[in-house]
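Structure, as structure tokens:
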Amino acid sequence: MKTPRFLPFLCLSAALLGLAPAANAGFFDDSAVFKLLLGDWEAAGDLKNLEDGSTVHVVETWKGEARDGGKSFLMKGRRTIGDDPEHTFEWEYLYNPATELVEGVMRMSTSENETRLEVQISEAEGTITLKAPLGADGSELRIVNKIEKDKVVGTVTLTDANGKTTMRGDIVHHRPAE
């Protein structure tokens, strides 16, 4: 059977119009870093207030999964921070093929507002760095996750409006014991 002459033109037109599947549609399925985050996790650690020396204990359980054919990645679970009641949380990562950037959103049951996250991924270093403003005054949350097989060390840093670190600590994530 002879290929119709218009077929290559139709395929090229579809690709230019964004109708063809994106080459990176499965970004999270292909990412070595995100592959390591699949499945069930537990975490615990302490954040130290650098102004008064007090500490806040953090405990989490969560599950990581690629969704929508690898177009997004969801980390969903439960967390307790200090003496506050347990709450649910979601960290959703979305790959934007137009910008070739990963965008992040954090949702918590204790807040009606979503928090947008600036996301930087280094496949070579095995890290995911997240930054989010904490208010209009310029304070910021920064998390650097160093990801290894069956272990993630998340270094959490909070800064005030002047860029001074006010709280810092490590949250260590590991696979649950069987």
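The values are calculated or read from the model by the stated rules, or taken from the named source; none is laboratory data. From a predicted model like this one, the values you see are computed outputs, not experimental measurements. Cβ coordinates were reconstructed from backbone atoms using ideal geometry, including for glycine residues, and neighbour counts include every protein chain displayed.
Tabulated data
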item	result
Residue that is closer than 20 Å to GLY45 by Cα and in contact with a Ser or Thr (Cβ under 8 Å, 6 or more places away or on another chain), where the choices are ILE143, ILE81, ILE121	ILE143
Members of the stretch 108-148 that are touching an Asp or Glu at 6+ places or on another chain (Cβ under 9 Å) and of a type in the set (Lys, Arg)	ARG116, LYS131, LYS146
Any helices (runs of 4 or more DSSP H) falling wholly within the stretch 1-73 and containing at least 2 residues that are touching a Gly at 6+ places or on another chain (Cβ under 6 Å) and either modelled with pLDDT under 90 or surrounded by 13 or more Cβ atoms within 10 Å (Cβ to Cβ) (or both)	27-30
Any hit, the stretch 90-102, residues being within 25 Å of GLY169 (Cα to Cα), of a type outside the set (D, E, K, R) and over 16 Å from the mean Cα position of the chain (by Cα)	no
Search result, residues across the stretch 79-97 that are touching an Asp or Glu at 6+ places or on another chain (Cβ under 9 Å) and without any contact (Cβ under 8 Å) to a residue 12 or more places away in the chain	ASN96
